[in-house]
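Below you'll find the structure, written out as structure tokens, and then a few comments.
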Amino acid sequence: AMGHGELSASGLEMPAETEITVDLKKGFAIPGPRIETADEIVCVSSATPLERGIAQAYAWLILWMEQAYGWDRWKAYDLLTHTGQISVGYYQSGAVAAKVAKRYL
């Protein structure tokens, strides 16, 4: 466990058992990791400075909204301006996730 931004560069590590589902779509490329939950879609990026990682994650999220949900790119950009959220993994490495709630899609 760790807080947003992992300020001390150290998290609370512990063993755990988890179950995840991974879909493989042959011949389909994505620019970075995508996470889809029951409530939101998320794109993960890592770039420095942090601002670049944030911009990259949001750009990938916009492309996903365009490709999979039929959104116009500029309308998706506008929606994310008002409803998008970010989670910072580790601020020094620029690890960030950009996300939007599915209720807006």
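Since every read-out is calculated from the coordinates, none of them should be taken as a lab result. A quick note: this is a predicted structure, and the numbers were derived from the prediction, not measured. In this analysis, Cβ positions are derived from the backbone assuming ideal geometry, glycine residues included, and neighbour counts consider all displayed protein chains.
Quick check: residue separation of Ile20 and Thr37 times 0.36 nm, minus the Cα distance between them. What number comes out in nm? Spell out each step's value before the answer.
Working: separation 17, 0.36 × 17 = 6.12 nm, distance 1.08 nm.
Length difference between fully extended and current span is 5.0 nm.
Taking 22 Å as R0, compute the FRET efficiency from the Cβ-Cβ separation of Ala101 and Arg52 and round it to 0.05.
Approximately 0.35, to the nearest 0.05.
Where does the chain land at 222 nm, in deg cm²/dmol rounded to the nearest 500, when only DSSP H runs of n ≥ 4 count, each adding -39500 (n - 2.57), divided by all residues?
Result for the chain, helices only: -9500 deg cm²/dmol.
First obtain the Kirkwood hydrodynamic radius of the range 34-104 from its Cα pairs, then insert it into the Stokes-Einstein equation at 37 °C and 0.692 mPa s, and state the resulting D in µm² per second as a whole number.
Using the Kirkwood radius from Cα pairs, D works out to 276 µm²/s.
Between helix 50-69 and the chain, what is the angle of the helix's C-alpha long axis to the longest principal axis, kept within 0 to 90° and rounded to the nearest 10?
40
Sort 72-83, 48-59 by the packing proxy (mean of other Cβ within 10 Å over each peptide's residues), most packed first.
Those peptides, ordered most packed to least, come out 48-59, 72-83.
Counting other beta carbons within 10 Å of each residue's own, what order do Glu40, Glu17 fall into, fewest first?
Arranged by neighbour count, lowest to highest, Glu40, Glu17 become Glu17, Glu40.
Pairing the Cα long axis of helix 73-83 with the longest principal axis of the chain, what angle in degrees results, from 0 to 90 and rounded to the nearest 10?
Once rounded, one gets 50 degrees.
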